[in-house]
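All of the numbers you see were taken from the coordinates with simple rules; none came from a lab. As the structure is a prediction and not an experimental result, all values here were calculated from the model. Neighbour counts are summed over all protein chains in view; Cβ atoms, including those assigned to glycine, are modelled from backbone coordinates with ideal geometry.
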Amino acid sequence: MEKLFRYIVVISTVLFVFLHILPFIDHMWLTEKELDLAAYDAWGANLPTNIYFYWGNLSVWVTIFIGLFFYIPVSRTAFVIMLVLTSIASFFYGFSVLPAISATVGNIVTMTDGALLVMLYLTSVSR
């Protein structure tokens, strides 16, 4: 189970990083009209965001994933706290306009996060 857990942590980390890099490279395959539509992402957001928050958030998540990979106990708690905070904050993000690849990768990351939660608290990894 520990090997599977680490494998899922690596997959989740790689996909999460890819998801954060995607907005900077998706102009290579999106049409001009699709890019104009994507510009409305976060329209009406109540939480102001900037590039430092964006990359800082990624840094926190990657640090947590590294901690999970090495079974550092505080990472388990931090993972749950960040999942809850991210879920609450999503109410204030405004409209979400995502290309299909971003939505797909985001859904896979969500599923891997769920698998990690189950493994962290309901399997031998929890010990």
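Over region 1-97, what relative contact order in percent results from Cα pairs under 8 Å that are six or more residues apart? The partial results should precede the final answer.
Numbers: 55 pairs, mean separation 42.1, N = 97.
Relative contact order of region 1-97: 43 percent.
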Inset, instruction - Give me the percent of Cα-Cα pairs in the chain that sit more than 24 Å apart, rounded to a whole number. - result: 33 percent
Inset, instruction - Hey, for a label at Ile72 modelled as a point 7 Å past Cα toward Cβ, could you say which residues of region 49-65 have their backbone N under 17 Å away? - result: 56-65
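Out of region 1-76, which chymotrypsin sites (Phe, Trp or Tyr not before Pro) are coil in DSSP terms and have no more than 12 other C-beta atoms within 10 Å? Could the numbers behind the result be given before it?
Numbers: sites: Phe5, Tyr7, Phe16, Phe18, Phe24, Trp29, Tyr40, Trp43, Tyr52, Phe53, Tyr54, Trp55, Trp61, Phe65, Phe69, Phe70, Tyr71; in loops: Trp29, Tyr40, Trp43, Phe70, Tyr71.
Qualifying residues, ordered by number: Trp29, Tyr40, Trp43, Phe70.
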